[in-house]
Amino acid sequence: MDMEKSRPLWDNPFQFVFACISYAVGLGNVWRFPYLCQMYGGGGFLVPYLIMLIVEGMPLLYLELAVGQRMRQGSIGAWKAISPYLCGVGFASVVVSFFLSMYYNVINAWAFWYLFHSFQDPLPWANCPLNRNHTGYVDECEQASPTQYFWYRKTLNISPSIEESGSIQWEQAVCLILAWLVVYLCILRGTESTGKVVYVTASLPYIVLIIYLIRGLTLHGAANGLMYMFTPKLEQLANPKTWINAATQIFFSLGLGFGSLIAFASYNEPTNNCERHAIIVSLINSATSIFASIVTFSIYGFKATFNYENCISKVILLLVNSFDLEEGSITQENFEDMKSYLASSHPSKYTELLPQIKNCSLEAELNTAVQGTGLAFIVYSEAIKNMEVSQLYSVLYFFMLLMLGIGSMLGNTTAILTPLSDSKFLSSHVPKEMISGGVCFVNCIIGLVFTMEAGNYWFDIFNDYAATLSLLLIVLVETIAVCYVYGIKRFEKDLHAMTGRKPNWYWKIMWAFASPVLIVSLFIFYISDYISTGTLQYQAWDVTQGQLVTKDYPRGALAVIGLLVAASTMCIPLGALFTFIRNRTKKQNVPNVA
């Protein structure tokens, strides 16, 4: 296949690496990896994670970069060039990237919202607001916490269930429009503008993380968090979910199957060393996850220690006032001994107070895990409000989130725009700026759904179901297509022609056997897990309790989940079927020449 000579290129290989890092190193490194590390054994989680990096991450990243660089087209054109029957693989990647773009930029809208409020003194999530009569605090806030109240009520204004859609929250809608405007300006001229932006989106988060690392390690209780992180729970190595989550974390954090990496690589020089870049990007991505976890767990430790000591202080005040003790007679050091003494010397009175005496536990505070947006917008903001110069650290943190989110959005939109730009009809009749603007406008309009009162519930649906099974199927077909349709020997010759060297035995074993077997195992696990789960459930905000409660998804939501999965996965068989019918029709229309 002849490569396109006129295709625009990155200015240099470093720009390409920065683009891949900007896309791969995203919010998942800051919130999902630390959460999984906490849930599945601290340091023990790193063992399966690093194994999956070697078996799954680097080989599949190398494969996608090589395909994009060889075919010099976006995901649709690249897989169609390998075989016309594989055109559906590219369409599936574009559909998944489109779904991701629809909801992912909402995170940037939230980051803008928090960034704008970070300049207030005190921070608006530092304290509960007064009630209408100014006689006390709002009940919902007291039931929950100031940070949760600001997130669920002021930011989301969340409805009690997904069935109560509510109205569009115009403050969030404006932030979403602003987020899409920023993305549009970054992708306005394709690689000409994206290539310059990635230097910023890839570099600035590291600067902020270093600042947070220095601050985090100096916080009171940071050592408790780090000890929790690096103390392995070895029994988790026997838990299949530990290995499954390690594999999927590698899978999603590198952005495999979305088509973005193929699109980025299609702008490379044909002689670019994609093997070296696959290794560099994979290692930087994983190192960033571990680095971000050290930052996160130091803040976890500070937050947990602060809450633990605050809990003890309240119990001490209760005991001192109830038993008329001298101030300072009960300290954190003799706390447990004094509790035992009071329980034995005043059993009846102590028993009456027992319901009011909270069970303060540092281990319990450290075990409290919050995933996804909860970690990014609740746990971090709760820790930030207790820091000195909290406004400064709040601005830095949410600016970092914004850079990470924009970097990921550049990859998502590139995966959509590159196949569109490859279309001769569109590229010859529609200016590049209009194509970019059209994609951003459509995504923004649809994204307004996520700014409604029930928008966060729909956000979770897209986040949980729009990509998981689809990406597994896409990448499985990709590996099979390269190894057994295109041919691994033919692919080996292409790599030799591009880079001057053939892939070694490690790459070929991973591509042809290990990675496909692992993906099939993941696919089977997810399907069996969904079947065994029964009715799918979600977490709804209960105003009266000030906490999340579990509810079953209604039929309408289940139908949307089914459509999300089917919309992308069905592209693959439908693409093959369409090609087969078209070829048969052409053969039948060809006149027989006697």
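Since every read-out is calculated from the coordinates, none of them should be taken as a lab result. Treat the numbers as computed from the prediction; the structure is a model and nothing was measured. Note that each Cβ is placed from the backbone with ideal geometry, even for glycine, and that neighbours are counted across all protein chains shown.
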(i) 48, 26, 23; (ii) 67, 26, 23; (iii) 36, 27, 27, with the label sought being that of the calculated semi-axes √(5λ) of the Cα gyration tensor in Å: (i)
Selection from V197, L325, A343 lying farthest towards where the dipole of the chain points positive, charges on Cβ: V197
Magnitude of the charge dipole, the chain, Cβ model with Lys/Arg +1 and Asp/Glu -1, debye to 20: 2840 debye
Net charge dipole size for the stretch 200-329 [Lys, Arg +1 and Asp, Glu -1 on Cβ; Debye, nearest 20]: 340 debye
Neighbourhood charge, 13 Å Cβ-Cβ cut-off, centred on A514 and excluding it, Lys, Arg +1 and Asp, Glu -1: 0
Highest average packing first - 250-261, 515-526, 536-547, Cβ atoms within 10 Å: 250-261, 515-526, 536-547
Computed label-point distance, nm, for sites D337 and N359 using a 7 Å Cα→Cβ extension: 2.5 nm
The chain: DSSP helices with Cα axial extent of at least 30 Å and average Kyte-Doolittle hydropathy no lower than 1.0: 87-117, 191-217, 390-422
Relative packing of peptides 85-97, 438-450 - highest average C-beta neighbours within 10 Å first: 85-97, 438-450
Relative contact order for the chain, counting Cα pairs under 8 Å that sit 6 or more residues apart, in percent: 33 percent
Cysteines without a disulfide-compatible partner [the chain; Cβ-Cβ under 4.7 Å]: C20, C37, C87, C175, C186, C274, C440, C444, C483, C571
Of G88, L130, P232, farthest towards positive along the dipole that unit charges on Lys, Arg, Asp, Glu beta carbons give the chain: G88
Among 122-129, 283-290, 106-113, the order from most to least packed when residues are scored by Cβ within 10 Å on average: 106-113, 283-290, 122-129
